[in-house]
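*Asks:* Can you keep this structure in mind? I'll have questions shortly.
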Amino acid sequence: MDPAPPQGPARKAGRPDFIEVQSSEEFAELRRAHRSFAFPLTIAFVSWYLLYVLLSSYAGDLMGKQVVGNVNVALVFGLLQFLSTFAIAWWYARHASAKLDPRASAIKARLESES
C-alpha cells in the first residue's frame, strides 16, 4: 500500500489532486481567512458563556437583582446569550459570503477545469 498519491501522468485523469490543492497558497489563504474570523469569535463567545455560568454560580446576589418587574440580571444575561448566538451566526454568514465563498468557488472552479 503506497501512502503517497500518484503524481503527474500517473494520476488518474479526471481526478483532482487534493493533496496538491491542500498545499496550495490559495487554499492556505482560504484557511487563514476562516481561522482569523472563527477562532477569535469562538474564544470570545465561550468566554462570554463562561462568565454567565460563573456569575450564576458565584454571584447570586448580582444575578438575582431585579432589573424591571420580575426580570432579573440572570434572565437578561440568559437572553443575551441567545441574542449573541444569533448575531454571531448572522455575522459569520456575512463573512463567509464576502470572504470565504468567493475563494472556495475559485478553488472549486480551478479543480473542475483541470479535471
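*Asks:* Sort out which residues of the range 50-61 are surrounded by 14 or more Cβ atoms within 10 Å (Cβ to Cβ) and among the aromatic types (Phe, Trp, Tyr), and write them in order of number.
*Replies:* Tyr52
*Asks:* Turning to a different aspect of this structure: Say we look at the range 19-33 and pick out the residues that are open to solvent by 90 Å² or more (accessible area, probe 1.4 Å) and more than 30 Å from Gln81 (Cβ to Cβ); which of these is modelled with the highest pLDDT?
*Replies:* Glu25
*Asks:* Give the residue, chosen from Ser113, Ser36, that is part of a helix (DSSP H, G or I), modelled with pLDDT under 95, open to solvent by 70 Å² or more (accessible area, probe 1.4 Å) and hydroxyl-bearing (Ser, Thr, Tyr).
*Replies:* Ser113
*Asks:* Identify all residues within the range 85-101 that are without any contact (Cβ under 8 Å) to a residue 24 or more places away in the chain and under 15 Å from Trp48 (Cα atoms); write none if there are none.
*Replies:* Phe86, Ala87 - these are the residues of the range 85-101 that are without any contact (Cβ under 8 Å) to a residue 24 or more places away in the chain and under 15 Å from Trp48 (Cα atoms).
*Asks:* Another question, then. What single numbered condition from (1) closer than 24 Å to His95 by Cβ; (2) modelled with pLDDT of 95 or more; (3) hydrophobic (A, V, I, L, M, F, W, C) fails to hold for Leu75?
*Replies:* All conditions are met except number (1).
*Asks:* Can you tell me which residue is modelled with the highest pLDDT among those in the range 1-18 that are under 16 Å from Glu112 (Cα atoms) and surrounded by 11 or more Cβ atoms within 10 Å (Cβ to Cβ)?
*Replies:* Among them, the one singled out is Phe18.
*Asks:* Related question: When the range 15-68 is examined, which residues are found to be acidic (Asp, Glu) and free of Cβ contacts under 8 Å to residues at least 60 places away in the same chain?
*Replies:* Asp17, Glu20, Glu25, Asp61
*Asks:* Any chance you could count how many residues in the range 100-114 are among the polar types (S, T, N, Q) and under 23 Å from the mean Cα position of the chain (by Cα)?
*Replies:* The qualifying residues number 1.
*Asks:* Next question, about the same structure. Consider the range 62-110. How many of its residues are of a type outside the set (Asp, Glu), open to solvent by 40 Å² or more (accessible area, probe 1.4 Å) and either in a helix (DSSP H, G or I) or closer than 30 Å to Arg15 by Cβ (or both)?
*Replies:* Of the residues in the range 62-110, 29 are of a type outside the set (Asp, Glu), open to solvent by 40 Å² or more (accessible area, probe 1.4 Å) and either in a helix (DSSP H, G or I) or closer than 30 Å to Arg15 by Cβ (or both).
The values are calculated or read from the model by the stated rules, or taken from the named source; none is laboratory data. No experiment lies behind these values; they were computed from the predicted model shown. For neighbour counting, all protein chains shown are included, and Cβ atoms are generated from backbone atoms with ideal geometry for every residue, glycine included. Side chains included, ligands, DNA and RNA excluded: accessible areas come from the protein's heavy atoms. Shrake-Rupley method; radii C 1.70, N 1.55, O 1.52, S 1.80 Å.
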